[in-house]
Amino acid sequence: MNSVAPLSRPFPLDRSPRPIKEKERIVTIDVLRGFALLGILPMNIQSFSMILAAYFNPTAYGDLHGANYWLWMLSHVLIDEKFMTIFSMLFGAGILLMTGRIEASGRSSAALHYRRMGWLILFGMLHGYLLWCGDILFDYGACGLLAYLFRRLRPRTLLILALLSISMVPIVLVLSGQRISHATPAQLQALNESWKPPAPEVAREVAAYRGSWLTQMTYRMPQAVRMEATAFVFRIFGLMLAGMALFKLGFFSGRPSPKICWALIAVALFVGIPVTVYGVRRDFADGWDARFSIFHGLLYNYWASFLVSAGWIGLVMLASQAAALTAVTKRFAAVGRMAFTNYIMHSVICTTIFYGHGLALFGKVERTGQFGIVVAIWIFQLTISPIWLRHFQFGPLEWLWRSLTYWQWEPLRRSG
């Protein structure tokens, strides 16, 4: 098979900066990225398939007994915020990986980086406004614009700034919780109805998403804007800085010793998970009251998620070093190399299943059924991603993003 010529005349710009070559890739990062990308789906599918409030408050919609309860519980304890944490850190490491390679050749990386983030912001807006309100690409692009300015700092400084940024979310929540104690009855009612919408509001949201694409927009657009404006961008930004620090320390790019990996797993098992479970018990004890769960209950999982994420990283690092698991980790690496394509594919598949322009199953599938769909998508992407990469150098959206970033059509098919 011969390599395909560029699709058209390259855009008029210096062709010297080039995308990272396959032999320059750090396989461990690809494996972690693929693992995190697939791990995000069990949480995201709750937003695809049920009213948005149910993502944050499991009592707001759907059955929460038996298998449905245990699936929610496992997702919350092991997945919620954990894989987003890993993905955000890897995004920060990726900024250093790309800009460092360019700057090592004596060139400036600024224009390339900002163009790359600009396109990501645009993709995120299109994704969030036109397809699914839970988009994260916009926030990654916006935080990436700022994180770039900190790339030359020492690891210790980056970690301090990361902790300060991450701490902003709890500060905002606690201060907001203090203010809500002086809220008027009307303000408290609005808070409670946003946390657990009344039946008429639930019916309107369900009807909107079971309706046409244009009907969905009445809910998707406002929800997407609120998701983009959340204080959790401080967490994403802080995690990017932490990822930069860990990359500089050689953690992501090297092979941590098994002792370090097991220590991370132990911290997750004996500290992170128990703290998260305790937070859940407090939420149920308080009846998932908005005044507690939003401003205080969320903090247990917020802090513990970093520890559980560390355990997942340790587990994946160990798996990546095990020769017996090479065939498996290669599949996760392929998913990671196509993370952009696979992430958008989640939205395309799930909105087709649940929204009115497809099968209109929104609000009809319990958590057990949702997880069955998740497993099917996992199997599909773990199967199709390696096959695609045998014939093509990039995923379709990765190719488009790179071509727009480097302002030239990149060859897509493999040569030879």
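The values are calculated or read from the model by the stated rules, or taken from the named source; none is laboratory data. These numbers were taken from a predicted model, which means no experiment stands behind them. Cβ atoms come from the backbone with ideal geometry, glycine included; neighbour counts cover every protein chain shown. Each accessible area value is taken on the protein alone, full model and side chains, heavy atoms only, with ligands, DNA and RNA left out. Shrake-Rupley method; radii C 1.70, N 1.55, O 1.52, S 1.80 Å.
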Candidates ILE273, ILE236 - the one that is assigned to a helix (DSSP H, G or I), out of contact with any Pro (no Cβ under 6 Å at 6 or more places or on another chain), under 17 Å from HIS76 (Cβ atoms) and in contact (Cβ under 8 Å) with a residue 60 or more places away in the chain: ILE273
Is it the case, given these coordinates, that ARG156 is open to solvent by 70 Å² or more (accessible area, probe 1.4 Å) and either among the charged types (D, E, K, R) or under 30 Å from TYR355 (Cβ atoms) (or both)? yes
Just one of the numbered conditions (1) modelled with pLDDT under 95; (2) aliphatic (A, V, I, L, M); (3) under 29 Å from TRP195 (Cα atoms) is not true of LEU239; which one? (1)
If you check CYS133 against the conditions, is it out of contact with any Cys (no Cβ under 7 Å at 6 or more places or on another chain), open to solvent by less than 30 Å² (accessible area, probe 1.4 Å) and over 20 Å from SER305 (Cβ atoms)? yes
How many of the residues making up the range 193-217 are crowded, with 17+ Cβ neighbours inside 10 Å and farther than 14 Å from SER49 by Cα? 4
Is there a residue in the range 134-144 that is of a type in the set (A, V, I, L, M, F, W, C), at pLDDT 95 or above and touching an Asp or Glu at 6+ places or on another chain (Cβ under 7 Å)? yes
